[in-house]
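Here's the structure we're looking at; comments come further down.
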Amino acid sequence: MPIETLAGEPFNIRFDGPADAPVLMLSNSLGTNLSMWDPQIPEWSKRFRVLRYDSRGHGLSVATDTSFGIDRLGRDALAILDHFGIEKAHWCGVSKGGMVGQWLATNARERMGRLVLANTAAHMGPPSLWDDRIAMARGQGMDALVQGVLARWFSPRFREAEPATVARVGTMLTTTPAIGYATCCAAIRDMDQREAIRSVTNPVLVVIGTVDPATPPAAGHLIAQAIPGARTVELDAAHLSNLEQPEAFTKAVQDFLSE
């Protein structure tokens with residue numbers, strides 16, 4: 001699909017699945033792009049009109065050296081829905097995408113159906129960690145970050161067994177604009193949704209990677225405990241569980257959304 005322009009800013013957006021099916025909106029993790037969802041598309045597009053996009057600062061979407069918060073990323077998602085005349089959508093986001101989902105469930109719950117918040121957190125400290133990553137991205141470029149990020153995102157056994165997948169994600173990282181990565185890091189650094197998510201009323205599934213060092217199981221359980229009625233599913237994976245356990249992730253999400 002061609003680049004769509006929203007309020008003068010380009011966003012890379014793609015649809016898969018029947019035009020008359022319920023909409024499922026997917027939001028990528030920090031440092032990736034919409035192709036991170038490729039393993040899920042064949043199955044999900046049978047039942048849903050899957051809408052995926054490159055988040056601000058990522059892929060082929062707008063990347064400017066302007067500070068913003070998680071709310072800006074949430075408003076981007078709403079602007080995309082408005083652009084296509086979509087009144088309501090289910091949501092699935094990994095990591096940063098899950099943080100955006102929390103904001104949407106808190107601030108635009110009437111636009112959301114069911115939400116899947118995967119490998120994510122409501123707050124991620126300390127600020128110094130993010131400041132260091134911002135400085136590295138701006139000063140040395142994305143290549144300097146790749147090996148450390150991949151070590152957190154995938155378990156050692158997966159990195160050994162599936163080097164092609166790891167390399168593909170590495171390419172996503174190196175092609176992410178450094179300013180886009182840095183500005184999104186700042187948004188995550190400044191985010192604290194721990195109290196706000198207590199007001200969420202939409203059905204929520206929290207996906208937890210049992211060996212995830214980036215957003216550990218405790219972070220996922222905190223979200224689930226804060227949101228009334230939220231459920232959890234644990235997968236034997238590190239941070240990008242949709243890639244490390246694609247079949248289990250695909251089924252868990254589809255079962256939840258199809259209820």
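The values are calculated or read from the model by the stated rules, or taken from the named source; none is laboratory data. Keep in mind that this is a model prediction, so the values were computed, not measured. Backbone-built Cβ (ideal geometry, glycine too); neighbour counts: all protein chains shown. Heavy atoms of the whole protein, side chains included, go into the accessibility calculation; ligands, DNA and RNA do not. Shrake-Rupley method; radii C 1.70, N 1.55, O 1.52, S 1.80 Å.
For this structure, a couple of remarks:
- Helical segments meeting 15 Å axial Cα length and Kyte-Doolittle -0.5 threshold in the chain (DSSP H): 70-83, 96-107, 163-175, 178-189, 246-257
- By definition, a body whose alpha carbon gyration tensor gives a ≥ b ≥ c is rounded when a/c is under 1.5, and the chain falls into this rounded group.
- Packing-based ranking, highest mean first, of 201-208, 78-85 given that Cβ atoms within 10 Å are counted: 201-208, 78-85
- For the chain, share of DSSP beta bridges that run antiparallel, in % to the nearest 5: 25
- Global geometry of region 168-259, whether rounded, prolate or oblate, following the gyration tensor of its Cα atoms and the 1.5 cut on a/c: oblate
- Dipole magnitude for region 13-160: about 300 debye, using +1 per Lys or Arg Cβ and -1 per Asp or Glu Cβ, origin at the Cα centre.
- Computed over region 2-140: relative contact order in percent, which uses C-alpha pairs under 8 Å that are six or more apart: 23
- Within the same chain, aspartates and glutamates fewer than 8 places from LYS96 are excluded, and of the rest, those with a Cα less than 17 Å from its Cα are ASP54, ASP71, ASP76, ASP131, ASP190, ASP192, ASP212.
- Taking Cα centre as origin and charging only the Cβ of basic (Lys, Arg, +1) and acidic (Asp, Glu, -1) residues, the dipole magnitude of the chain rounds to 200 debye.
- Each peptide in 94-107, 140-153 receives the mean, over its residues, of other Cβ atoms within 10 Å, and ordering these scores from highest gives 94-107, 140-153.
- Couplings 3J(HN,Hα) for region 26-38, derived from phi with the Karplus relation 6.51 cos²θ - 1.76 cosθ + 1.60 (θ = phi - 60°), are 10, 10, 6, 7, 4, x, 10, 8, 4, 6, 4, 8, 3 Hz, where x marks Gly and Pro.
- Mean separation of Cα contacts under 8 Å (6+ apart) over length of region 3-71, as relative contact order %: 40
- Only aspartates and glutamates eight or more places from LYS251 in sequence, or on another chain, were considered; those with a Cα closer than 17 Å are ASP38, GLU43, GLU234, ASP236, GLU259.
- Measuring nothing but how far apart in sequence close Cα pairs (under 8 Å, 6+ apart) lie, relative to its length, region 128-219 scores a relative contact order of 38 percent.
- Neighbour-limited loop hits for trypsin sites (Lys or Arg not before Pro), region 179-213 (at most 14 other Cβ within 10 Å; DSSP other than H, G, I, E, B): ARG194
- Measuring nothing but protein heavy atoms, the accessible surface of the chain at 1.4 Å probe radius is 52 percent carbon and sulfur.
- Shape class for region 36-170, computed from the alpha carbon gyration tensor (a ≥ b ≥ c): oblate, with a/c not under 1.5 and a/b at or below b/c.
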